[in-house]
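Undergrad: Below is one structure. I have some questions about it.
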Ligand SMILES: Cc1cc2nc3c(=O)[nH]c(=O)nc-3n(C[C@H](O)[C@H](O)[C@H](O)COP(=O)(O)O)c2cc1C
């Protein structure tokens, strides 16, 4: 507050001096600019502090209630930092079910998360499995289809375990998952597939991903229903160790 008052006083002083005469115009202009610079620096500092406070608030909420995590888009893609937790949950989710499971895994394990988003988001029409011409049907019918990823790339440095999740589409992994695994090296990393589906099992999807990745130690994956409980997920994770 004191600083604001002194900045305001300096501005008034600069304006007052400007009115005094032409021969001092340049010097006053410089002074006014200095004040303006200080003033905007202060605004910037204030913004940052508020932003930081909001981030702290958000992450506190995120670690407390799981439902809020699922809806909290600001905590997406926490992975890739230099000092990471060593565990990462990578997921693609077109309608939110896999995302819900992914967030629960992250909550249980303390993992970072990374969401694979399609460069061209899937619309409802794209996801219509009753339409043999829909985008998803065409992609799933084409083993070589590799939809482009729109999320920023992530550094996998420091991760030793990656949970990798996706919905089952036509009994398999969505082709965008193949785009992902073909773009990264998983050397030295334990890869743990998980998926959600209406009723199908995980099928060959985990093996397909392992084959296309060509690196990493891939564990057998696990299928969940869209509304899998944290207890169910926790007992699966405990069984892995
Ligand atoms: C194009 C498409 C194909 C699907 N194919 C299957 C399938 O073969 N078997 C199944 O049980 N569910 C299938 N589903 C349902 C999804 O696997 C299920 O709703 C999943 O939980 C969606 O996850 P998401 O909300 O993370 O996208 C399909 C859904 C879509 C959109």
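Undergrad: Antiparallel versus total DSSP beta bridges in the range 121-241: what percent is that, nearest 5?
TA: Within the range 121-241, antiparallel bridges account for around 10 percent of the total.
Undergrad: Let me ask you something else. For labels at residue 160 and residue 200 in the simple 7 Å Cα→Cβ model, what's the distance in nm?
TA: 3.5 nm
FYI, it's all coordinate maths here, none of it is from the lab. The structure presented is a predicted model; accordingly, all values stated were derived computationally and were not measured. Quick reminder, even Gly has a Cβ in these numbers, built from the backbone with ideal geometry, and neighbours come from all protein chains shown.
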